[in-house]
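Each value in this text was obtained by applying a stated rule to the coordinates, not by laboratory testing. It should be emphasised that the depicted structure is a prediction, and the values quoted were computed from it without experimental measurement. We place every Cβ from the backbone using ideal geometry, glycine too, and count neighbours over all the protein chains shown.
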Amino acid sequence: MVAVELKLLMAAVVLGMVQLFWAAGAARAQQDIKWAAGPRDTPMPISGVAARLQRAFWNFVETFPFFAAAILADAVAGKLGTPLTVWGASLYVGGRAVYPLLYATAVPLVRTLAWFVSIVGLIMVIWALFR
């Protein structure tokens, strides 16, 4: 049986892929497809929702390696299945799931709260290793 935390790790991978494709699709809607298929020597900036989706994706990219490393370290150490790891992984994935939606729709304070929830979850997963 696969631990719930490892399933949540894969859910985070799927979230990252969805964000990647969502951001890329929004950017391509503003950029010429010929430009996108070429060497991209000349910058073609994006704006609005496409730019927010791109920033949300890069925000995910900044935290995901820490989450993956923490889950895998807990797995190796036999720490999965504790309230800290289950709740922490759930908070991380839940926060990361709503963050791009809130960012795309320009909801400022709630977006920050979603980010904070994901960081609290990440800290919980890390903390579990030291207990």
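Data for the structure
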read-out	value
Meets criteria (within 23 Å of L129 (Cβ to Cβ), surrounded by fewer than 16 Cβ atoms within 10 Å (Cβ to Cβ) and either among the hydroxyl-bearing types (S, T, Y) or more than 19 Å from the chain's Cα centre (by Cα) (or both)) for V4	no
All positions within region 54-79 that are in contact with a Leu (Cβ under 8 Å, 6 or more places away or on another chain), over 12 Å from R96 (Cβ atoms) and crowded, with 18+ Cβ neighbours inside 10 Å	A70, I71, D74, K79
Tabulated pairs, region 68-86, first closer than 16 Å to M1 by Cα, second in a loop (DSSP other than H, G, I, E, B), C-beta under 9 angstrom, 6+ apart or interchain	A75/A3; K79/R131; L80/A3; G81/A3; T82/R131; V86/A3; V86/L80
Qualifying residue in region 20-32 (condition: within 14 Å of the chain's Cα centre (by Cα), free of Cβ contacts under 8 Å to residues at least 24 places away in the same chain and either assigned to a helix (DSSP H, G or I) or within 17 Å of W115 (Cα to Cα) (or both))	yes
Flag for M10 being under 22 Å from the mean Cα position of the chain (by Cα), surrounded by fewer than 19 Cβ atoms within 10 Å (Cβ to Cβ) and more than 19 Å from L101 (Cβ to Cβ)	yes
